[in-house]
Amino acid sequence: KPVFRFAPSPNGRLHLGHALSALTNQAMVLKVGGHLLLRIEDIDLTRSRAEFVEGIVEDLAWLGIAFEPGIRRQSEHFDDYAKALDALRERGLIYPCFRSRQEIRAEVTAWETEAGRPWPTDPDGAPLYPGPCKALEPGDGMRRIAAGEPHVLRLDMAKARAIAGKALSYTVFDGEGGTRVVMAAPDRWGDVVLARKDVPTSYHLAVVVDDALQGVTHVVRGRDLEAATDIHVVLQHLLGLPTPLYHFHRLLLDKDGRKLAKSRQSDSLAALRAAGGSPAAIRRRLGFA
């Protein structure tokens, strides 16, 4: 049977945008007769809180969304992500980078001033990594890591593309039986970060490994993550993992036209419930009557 998953991060209470995603997953599972898994994406141990995990489970139960038994918590599976990093390292596909975000921005700003034109950015608007750490000798990098110097591990996208080839693609399903093939363009992300010294993995790496280990066949998530699928497809190819089918649902926007977010204190489901809201009202509001 098809396997879907809903995978929130426990760094705040769920809001209406999360409810839309969870209910969209549930609706598609009911339509195709599949399974729905709950995953807690808590690799950022400094922001994740146990009370938020409890709140996620409480909110989803209140909405009436049932999941298969067992919850996968990413913080309990760092060994799985380390194995994936080792596989990429053995093929020379990752390298340590000791430049901070501030140093990269300063370097890019200096280049833009001299060149008189903008430096390329990724789909999220961040400057592409200029690449000076690629020139480091492997021994120098290992020495600096051993000394405890802050660093990240980046994917060498040029090497990754050379191995993966040019024809990377994934399939998008519309929930009504229709599909379309999308050509992935991971180059536009440059040498993405796959792990940090303080967080030994990244969202991109962890989600790809988790989807494969959990047998996920259908990924339903917001349109804000559509571009990131390029990275996931190239990682799946490099690691020999299956590529699920994808669906990108609409986003809920606030009065300023920005997507709902915990960081902007968007109304939480807990607050709506405390104000007298009901699961039925939430479902009607989101189009799931």
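FYI, it's all coordinate maths here, none of it is from the lab. Keep in mind that this is a model prediction, so the values were computed, not measured. Cβ: placed from backbone, ideal geometry, glycine included. Neighbour counts: every protein chain shown.
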Give the angle, between 0 and 90 degrees and rounded to the nearest 10, that separates the Cα long axis of helix 229-239 from the longest principal axis of the Cα atoms of the chain.
70 degrees
Ala195's amide H: which non-local residues (gap 5+, or another chain) put their own amide H closer than 5 Å, with H modeled 1.01 Å from N in plane and none for Pro or chain starts?
Leu153
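Given a cut-off of 31 Å, what percent of all Cα-Cα pairs of the chain lie beyond it? Don't jump to the answer; show the numbers that get you there.
Working: 13979 of 41616 pairs.
Of all Cα-Cα pairs in the chain, 34 percent lie more than 31 Å apart.
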Using θ = phi - 60° and the Karplus form 6.51 cos²θ - 1.76 cosθ + 1.60, what ³J(HN,Hα) does each residue of the range 16-30 get, whole Hz, x for Gly and Pro?
4, x, 5, 4, 4, 5, 5, 5, 5, 4, 4, 4, 6, 4, 5
Order 55-65, 117-127, 2-12, 277-287 from most to least packed using the mean count of other Cβ atoms within 10 Å.
2-12, 55-65, 277-287, 117-127
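Taking a ≥ b ≥ c as the square roots of the Cα gyration tensor eigenvalues, with a/c under 1.5 meaning rounded and otherwise prolate when a/b beats b/c, else oblate, which class fits the range 181-229? Don't jump to the answer; show the numbers that get you there.
Numbers: a/c = 2.06, a/b = 1.14, b/c = 1.80.
It comes out oblate by the Cα gyration axes.
Let a ≥ b ≥ c be the square roots of the eigenvalues of the Cα gyration tensor of the range 56-127; is it rounded (a/c under 1.5), or, if not, prolate (a/b larger than b/c) or oblate? The partial results should precede the final answer.
Values: a/c = 3.88, a/b = 1.77, b/c = 2.19.
Cα axes put the range 56-127 in the oblate bin.
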Amide H neighbours of Lys259 under 5 Å, at least 5 residues apart or on other chains, H built in the peptide plane: list them.
Asp254
Normalised by the number of residues in the range 31-123, what is the relative contact order in percent for Cα pairs under 8 Å and 6+ residues apart?
28 percent
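Which percentage, to the nearest 5, of the DSSP beta bridges contained in the chain is antiparallel? Each step should come with its number before you reach the end.
On the way: 15 of 28 bridges.
For the chain, the DSSP antiparallel bridge percentage is about 55.
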If each DSSP helix of 4+ residues adds -39,500 (n - 2.57) and the sum is divided by the residues in the chain, what number results at 222 nm, nearest 500 deg cm²/dmol?
-11500 deg cm²/dmol
If contacts are Cα pairs under 8 angstrom and at least 6 residues apart, what is the relative contact order of the chain in percent?
24 percent
Using R₀ = 35 Å, calculate the FRET efficiency as 1/(1 + (r/R₀)^6) where r is the Cβ-Cβ separation of Ala289 and Glu54; round to 0.05.
0.75
Hey, what angle do you get for helix 101-115 against the long axis of the chain, alpha-carbon based, 0 to 90 degrees rounded to 10?
60 degrees
Taking the Cβ of Arg72 as the centre, find all other residues whose Cβ is under 13 Å away and add up their charges (Lys, Arg: +1; Asp, Glu: -1).
-4
Measure off 7 Å from each Cα along the Cα-to-Cβ vector at Lys255 and Ala66, then give the distance between these two points in nanometres to one decimal.
4.0 nm
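Decide, for the range 1-90, between rounded, prolate and oblate: order the square roots of the alpha carbon gyration tensor eigenvalues as a ≥ b ≥ c, take rounded if a/c falls under 1.5, and otherwise choose prolate if a/b is larger than b/c, else oblate.
In terms of gyration-tensor shape, oblate.
Using R₀ = 22 Å, calculate the FRET efficiency as 1/(1 + (r/R₀)^6) where r is the Cβ-Cβ separation of Arg144 and Arg188; round to 0.05. Working shown, then result.
Values: r = 29 Å, r/R0 = 1.33.
So, using R0 = 22 Å, E works out to roughly 0.15.
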Suppose each label sits 7 Å from its Cα in the direction of the beta carbon; what would the Leu213-Lys1 distance come out to in nanometres?
2.4 nm
Report, by chain and number, residues whose modeled amide H sits under 5 Å from the one on Leu168, excluding near sequence neighbours (fewer than 5 apart, same chain).
Ala184
Which number gives the lysine pairs in the chain that have C-alpha atoms under 29 Å apart and are eight or more places apart or on different chains?
12
With a point put 7 Å past each Cα toward its Cβ, work out how far Ala167 is from Arg91 in nm, to one decimal.
1.8 nm
List the relative contact order of the range 150-219 as a percent without decimals, with contacts defined as Cα pairs under 8 Å and 6+ residues apart.
34 percent
